[in-house]
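The values are calculated or read from the model by the stated rules, or taken from the named source; none is laboratory data. Fair warning: this is a prediction, and the values are worked out from it, not measured in the lab. Here Cβ is always computed from backbone atoms with ideal geometry, including for glycine, and neighbour counts include all displayed protein chains.
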Amino acid sequence: MIRINQLKLPIGHTTAALEKKIQKALYLQNQHFTYQIRRQSLDARHKEDKKFVYTIDVKTDNENRILKKVHDKNITLTNEKAYCFPKPGPAPLHSRPVIVGSGPAGLMCAWYLAKAGFAPLLLERGEEAYLRQQKVEAFWKNGVLDPDSNVQFGEGGAGTFSDGKLNTLVKDTFGRNQEVLKRFVEAGAGEEILYQQKPHLGTDMLVGIVENLRNQIQEMGGTVRFNAKVTDLIFEQDKLQAVKVNDQEVIPAQICVLAIGHSARDTFGMLYEKELYMESKSFAVGLRIQHPQSMINQALYGEAENPILGPASYKVTHTCDNQRGVYSFCMCPGGYVVNASSEEQMLAVNGMSYQARDSENANSAIIVTVSPDDFPGNDPMAGIRFQRDLERKAWEAGKGKVPVQLFEDYQKHQESTSFGQVKPCICGAYTLTDVRKILPEEIGDSIEEGILAFGKRLPGFDRPDALLCGIESRTSSPVRIVRDKELEGSKKGIYPCGEGAGYAGGITSAAMDGLKVAEAIARKYSIPSSDA
Ligand code: FAD
């Protein structure tokens with residue numbers, strides 16, 4: 001196969017133009033060839049001449065001969081190995097693997113174990129996606145929170161009500177990234193996610209995709225149960241014997257994958273009591289900022305709207321005078337700020353979008369890293385206490401509604417009383433107030449300094465009527481459930497997995513970690529007998 005890198009075409013090009021360019025690059029003339037787009041990224045440095053940059057794999061006859069002819073460092077022979085899931089190992093497995101949590105990590109782990117014949121049991125505390133969606137929409141409307149089915153919990157995990165960005169910074173030596181993206185495509189996503197630089201699935205797509213993944217798992221012999229919260233783990237001599245569901249049902253288990261996400265604070269508490277080895281870890285906190293999407297498009301594309309490119313996204317960072325780093329995170333073009341709380345009388349926000357990304361506003365978290373030095377105490381649960389304290393303050397500031405403040409009032413430490421030109425795009429009730437008082441002083445100051453610095457790079461970022469909402473406190477896990485080289489935790493049979501375990505951040509990296517854990521289990525254990 002021949003790989004062509006750096007193939008550039010104007011953004012409005014046709015398929016015929018792409019094929020012609022391939023032919024020209026390889027001097028193919030009338031020779032038959034097939035091709036696959038491996039990557040498409042955008043070069044918008046020259047706003048009047050924006051280009052797509054492609055990596056293309058081409059199959060044709062006499063590839064070696066063609067290569068000798070072209071003499072171009074961007075054209076090479078490639079021999080990529082196909083991804084390979086390991087064959088079952090020798091260790092006896094007496095009961096089906098139990099997976100806790102149906103987020104991207106748990107779903108992918110269950111999918112691959114089911115495919116390999118392990119008939120896993122997937123336990124999810126929340127409701128199935130369709131019912132969960134109704135619960136979440138009711139919460140945004142009337143404020144009644146279901147602590148087990150909300151934006152964080154339920155089928156598909158935190159990834160379901162999300163912006164559905166699928167890009168990841170995780171290095172992909174083994175082909176797991178393409179594997180999990182292929183699973184999303186098979187479950188209903190468009191093929192373009194396999195090659196786009198910034199692939200995206202909206203919340204409306206994700207609900208159907210996670211339902212399809214669940215059906216596939218069941219068709220391959222797995223079992224998926226909802227409203228099934230794991231409330232205890234039963235060990236004998238540090239070896240897992242069983243899991244307890246909803247404080248009642250005991251299910252024998254030799255291995256259990258903990259793909260519980262970063263918000264299952266009650267479950268972290270249970271694991272801590274069970275003396276599973278955990279550490280507190282750094283994460284980041286801050287606020288969500290909203291601007292008109294057209295303003296962001298203008299800054300990045302040189303035009304307020306571009307139907308080919310869709311809404312623009314940004315990533316900005318700044319090091320403050322106090323040496324804290326402040327940066328944008330989980331930017332949602334054409335999205336909504338959502339009330340993403342999962343505990344009573346505490347409030348956390350996040351960002352989501354629909355597939356069309358067509359809301360008026362761009363939003364992004366502007367966050368500052370906090371480390372165990374900032375937390376109250378030295379135990380593994382200290383970061384969770386820090387988060388809860390901020391979320392309580394956010395709840396109080398908005399009296400249960402999402403607290404909102406204009407940037408100019410934020411700078412003056414005063415309550416906002418009316419909106420400017422930026423109108424809020426928020427799912428859930430909101431109220432104007434003083435958001436800054438939620439934050440520790442140093443973090444509040446860092447965010448102000450960051451926004452002013454970002455205004456120098458993206459004109460209008462620091463506009464007086466930009467809207468700030470809080471608190472963004474669930475950027476990544478405050479805890480790491482430490483695992484060894486074989487991905488097992490400090491007690492035998494426990495496999496910490498995904499974002500909650502501290503080994504992933506984001507949908508795709510959590511899904512890849514789920515696959516990695518499935519591989520570790522398959523490599524070690526034999527398939528349990530069907531009556532296990
Ligand atoms: P989770 O998705 O959190 O799943 C954990 C699951 O475990 C949950 O369903 C929970 O109910 C279940 N669970 C917990 N405890 C128990 C228990 N005791 N018993 C049974 N079940 C239990 N990431 C991106 O990459 N791109 C984005 O655009 C993006 N946008 C986001 C927008 C929002 C609003 C939110 C909240 C998150 C967003 N994220 C995004 C982050 C992403 O969703 C997470 O990184 C990812 O879902 C983590 O996957 P996970 O499987 O490790 O955990």
* With respect to the numbered conditions (1) within 13 Å of the ligand (Cβ to nearest atom); (2) at pLDDT 95 or above; (3) under 23 Å from W395 (Cα atoms), which one is the sole condition not fulfilled by M352? -> (2)
* To do: May I ask you to list the residues in the stretch 138-162 that are part of a helix (DSSP H, G or I) and surrounded by fewer than 24 Cβ atoms within 10 Å (Cβ to Cβ)?
  => A138, F139, W140, K141, N142
* To do: Go through I251, I255, I234, I260 for me and flag whichever is in the same structural domain as K516 (by TED's automatic domain parsing) and under 19 Å from F153 (Cα atoms).
  => I260
* Asked: If we keep just the residues of the stretch 466-498 that are of a type in the set (K, R) and in contact (Cβ under 8 Å) with a residue 24 or more places away in the chain, which is surrounded by the most Cβ atoms within 10 Å (Cβ to Cβ)?
  -> R474
* Residues being closer than 30 Å to P86 by Cβ and either among the small types (G, A, S) or under 19 Å from the mean Cα position of the chain (by Cα) (or both): count how many of those fall in the stretch 115-128. => 4
* Is there a residue being charged (D, E, K, R), away from the ligand (no atom under 16 Å from the Cβ) and at pLDDT below 95 anywhere in the stretch 509-531? -> yes
* What is the one condition in (1) closer than 29 Å to N306 by Cα; (2) surrounded by 13 or more Cβ atoms within 10 Å (Cβ to Cβ); (3) more than 30 Å from the chain's Cα centre (by Cα); (4) not β-branched (V, I, T) that R39 does not satisfy? -> (3)
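Conditions tested, residue by residue: (1) closer than 12 Å to G506 by Cβ; (2) of a type in the set (D, E, K, R); (3) in contact with a Pro (Cβ under 8 Å, 6 or more places away or on another chain); (4) away from the ligand (no atom under 13 Å from the Cβ).
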residue	(1), (2), (3), (4)
S149	no, no, no, no
G159	yes, no, yes, no
L166	yes, no, yes, no
E191	no, yes, no, yes
Q197	no, no, no, yes
* To do: Determine whether L18 is over 30 Å from Y301 (Cβ atoms) and surrounded by 15 or more Cβ atoms within 10 Å (Cβ to Cβ).
  => no
* To do: Select the strands (runs of 3 or more DSSP E) contained entirely in the stretch 215-275, then report the ones holding at least 1 residues which are among the hydrophobic types (A, V, I, L, M, F, W, C) and within 9 Å of the ligand (Cβ to nearest atom).
  => 230-236, 239-245, 256-258
* Those residues that are surrounded by 20 or more Cβ atoms within 10 Å (Cβ to Cβ) and hydrophobic (A, V, I, L, M, F, W, C), I need them from the stretch 168-192; list them, please. => V180, L181, F184, A187, A189
